[in-house]
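Notes follow once the structure below has been shown.
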Amino acid sequence: MVEHRGQIKGGKLQMYDKPKFLDAIANMKDGEVLVRVAKQGDPKSRQLERWMHGVAIKMICEETGNEHDVVWGYIKRRFRPTPVFIGNEMLVVGKSTAGASMSLAEQQQLKTQVQAWAASELGINIPDPNEGDLL
């Protein structure tokens, strides 16, 4: 997953570190991608999102051998399920709103759920983010 920050000026996206962004995507395999542009949220919310992907999911991936997208997809389906109907069939998918667009309270709830699940079902004790990191 590639994530970079920037700003919109005059209706145009300006990347803060464009060479680093271009280098990151140059090393990706060919295929379809999803590009999402979102307003910068609350700093505490951004820190929790970074903790989720950089600590919690990373630890789960290392322990289970699964890829990041597989683990994140499972977390969204398990803790943020959304039913989708295709004809007469119902599929359960993870809410696309899991992550940066969640409220701080929702992110804190997801953090607690992921830590409890990882401890009870995977035997992985994921540490809390440092309170100083959330300021």
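Taking H placed 1.01 Å from N in the peptide plane, check which residues at least 5 places from residue 6 or on another chain put their amide H under 5 Å from its amide H.
16
Starting from a Cα-only point model with no solvent, please compute log10 I(q)/I(0) by Debye for the chain at q = 0.10, 0.14, 0.18, 0.22 1/Å.
Log10 of I(q)/I(0), two decimals: -0.41, -0.79, -1.20, -1.44.
Along the charge dipole of the chain, Cβ charges K/R +1 and D/E -1, which of 120, 70, 47 sits furthest on the positive end?
Most positive-ward Cα: 47.
Pick from 30, 69, 17 the residue whose mean-square fluctuation is largest in a GNM of the chain, springs joining Cα atoms under 10 Å.
30
Quote the relative contact order of the chain in percent (integer), defining contacts as alpha-carbon pairs under 8 Å separated by 6+ residues. All intermediate terms of the calculation are to be shown ahead of the outcome.
Working: 109 pairs, mean separation 29.8, N = 135.
Once divided by the residue count of the chain, the mean separation gives 22 percent.
Evaluate the distance, in nm, between pseudo-label points positioned 7 Å from the Cα of residue 82 and of residue 46 along their respective Cα→Cβ axes.
With each label placed 7 Å out from Cα toward Cβ, I get 2.4 nm.
Can you tell me the FRET efficiency between residue 108 and residue 30 if r is taken as the Cβ-Cβ distance and R0 is 35 Å, rounded to the nearest 0.05?
Efficiency for this residue pair is about 0.40.
Under a cut-off of 18 Å between alpha-carbon atoms, report the lysines in cross-link reach of residue 58, not counting same-chain residues fewer than 8 places apart.
76, 111
Can you tell me how much longer the chain between residue 37 and residue 121 gets when fully stretched, taken as 0.36 nm per residue apart minus their C-alpha distance, in nm with one decimal?
Contour length minus the Cα-Cα distance gives 26.8 nm.
If each of residue 55 and residue 128 carries a label point 7 Å out from its Cα toward its Cβ, how far apart are those two points in nm?
So the label points at residue 55 and residue 128 sit 1.0 nm apart.
Pick out which of 35, 84, 71 has the largest mean-square fluctuation in a Gaussian network model of the chain, springs linking Cα atoms closer than 10 Å.
35
Given the options 78, 50, 36, which has the most mean-square fluctuation in a GNM of the chain, springs set between C-alpha atoms less than 10 angstrom apart?
Top of the fluctuation ranking is 36.
May I ask you to list the lysines whose Cα is less than 21 Å away from that of residue 12, ignoring any residue fewer than eight positions away on the same chain?
By straight Cα distance, residue 12 reaches 20, 39.
Coordinate-derived values only; no laboratory data. These numbers come from a predicted model, not from an experiment. Glycine gets a Cβ as well: all are built from the backbone with ideal geometry, and neighbour counts include every protein chain shown.
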